[in-house]
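A short write-up of the structure that comes next.
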Amino acid sequence: MRWVTYDGGAGPRAGVLDGENVRGLPPVVTVLSLLEGGDLEEAGESARREPVEVRPLSDVRLLAPIPRPPSVRDGLCFLDHLRGCRRAMDAPDELPAVWSQAPAFYFASPAAVVGPYDDVVISPGSTMFDLELELGAVIGRPGRDLHPDRAESHIVGYTLYNDWTARDLQQLDMAQGIGMGKSKDGAITLGPALVTVDELEPYRRDGRPVLEMSAEVNGVELARGTLDQMDWTFGELLAYLSRGTDLRPGDVIGSGTVPGGCLLEHVDTPDLADFSRWLRPGDVVSLHASGIGSTEQTVRPAPGLTPLRTRAARTAASTTT
């Protein structure tokens, strides 16, 4: 099934895509509540048999399938993406051994989640705003201390994931050394639908989903790749994430960026001269994944920035009063 959260003018509600229509459930029902209650499949069959409403897709606005996940974690499972970023920053391609010991991840902000066609505002103070082409796995069954060979069975489905990043703010985050901060909480795109695992069975090869993914800026392709390029599988990532802690229904886990799927990797690429800059207001960013669908979003200007006084400035001010 292809689950969506949509707004037809009376507030958000959950529904199932049926061709060019949405078959809606009662307003009190959400995709998250169905996951938490273990009722997703039964509710989907009910929506197909006796929907509360049927609306043409053209008449509704699609939101993120889970507008406020319990938690969002973003992995870094494509190591060639990391190598591409290091080359852009004139660092050696060879990765330290730590990258082969465990999959890296960070916690992102559920409050930053936006829908697949929402405008995205540049992070305040940023002049180096970037996109990132990823796939998000959504947890359907809770689990803890999962085995890597069985952990994928806890995934109920997948959705596109755009990890918008303010690269200049990321430099400050990295210099402080305690993880991602203001560089990553501007926006996280999820959508257009939560596509359940059974729907994607035709795309599985050797037990792994092989989805073709691509990203465009202003209609020009930036990157194309497949999910089986992951150095760490979703099963391995979930096993690591669940060590000593619980994964909960509705949690969203990002795959990390498909190699080439961000502007940082292309800043000095001669055959992509149009992308030798960062995103600007008016740019249109689109992600695509076979079996999942597409997103399309327009970049908007950053709001005004109120600067902070540095500690040194505050100390100087206090000594003169």
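Every number here is computed from the coordinates shown, using simple stated rules; none is lab data. Keep in mind that this is a model prediction, so the values were computed, not measured. All Cβ positions, even for glycine, are placed from backbone atoms using ideal geometry, and neighbour counts span all protein chains on display.
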- Query: Roughly how compact is region 52-190, stated as its Cα Rg over 2.2 N^0.38 Å to two decimals?
  - Reply: 1.20
- The percentage of Cα-Cα pairs in region 22-68 separated by more than 12 Å is 65 percent
- Note on the structure: FRET efficiency (residue 89, residue 58; Cβ distance; R0 41 Å; to 0.05) is 0.40
- Can you tell me the order of 189-195, 220-226, 56-62 when each peptide is scored by its average per-residue count of other Cβ atoms within 10 angstrom, highest first? 189-195, 220-226, 56-62
- Task: Kindly write out, for region 19-35 in residue order, the coupling ³J(HN,Hα) from the Karplus curve 6.51 cos²θ - 1.76 cosθ + 1.60 (θ = phi - 60°), rounded to whole Hz, with x marking Gly and Pro.
- Result: x, 9, 10, 10, 9, x, 9, x, x, 6, 8, 10, 4, 5, 5, 5, 5
- Along principal axes, Cα extents of region 42-131, largest first, whole Å: 58, 34, 21
- Message: Taking 0.36 nm per residue of sequence separation and subtracting the Cα-Cα distance, how much length would be gained by fully extending the chain between residue 147 and residue 300, in nm to one decimal?
- Response: 50.8 nm
- Item | More than 34 Å apart - percent of Cα-Cα pairs taken over region 72-300 | 9 percent
- Message: Ignoring everything except DSSP H segments at least 4 long, calculate the 222 nm mean residue ellipticity for the chain; use -39,500 (n - 2.57) per segment, divide by total residues, nearest 500.
- Response: -4500 deg cm²/dmol
- Note on the structure: Relative to the chain, whose Cα atoms define the longest principal axis, helix 79-88 and its Cα axis are tilted in degrees, nearest 10, by 30 degrees
- Phi-derived 3J(HN,Hα) across region 130-135 with the Karplus relation (6.51, -1.76, 1.60, θ = phi - 60°), rounded Hz, x for Gly and Pro, is 9, 9, 8, 8, 9, 10
- Item | Cβ-based net charge around residue 230, under 11 Å, with every Lys or Arg adding one and every Asp or Glu removing one | -4
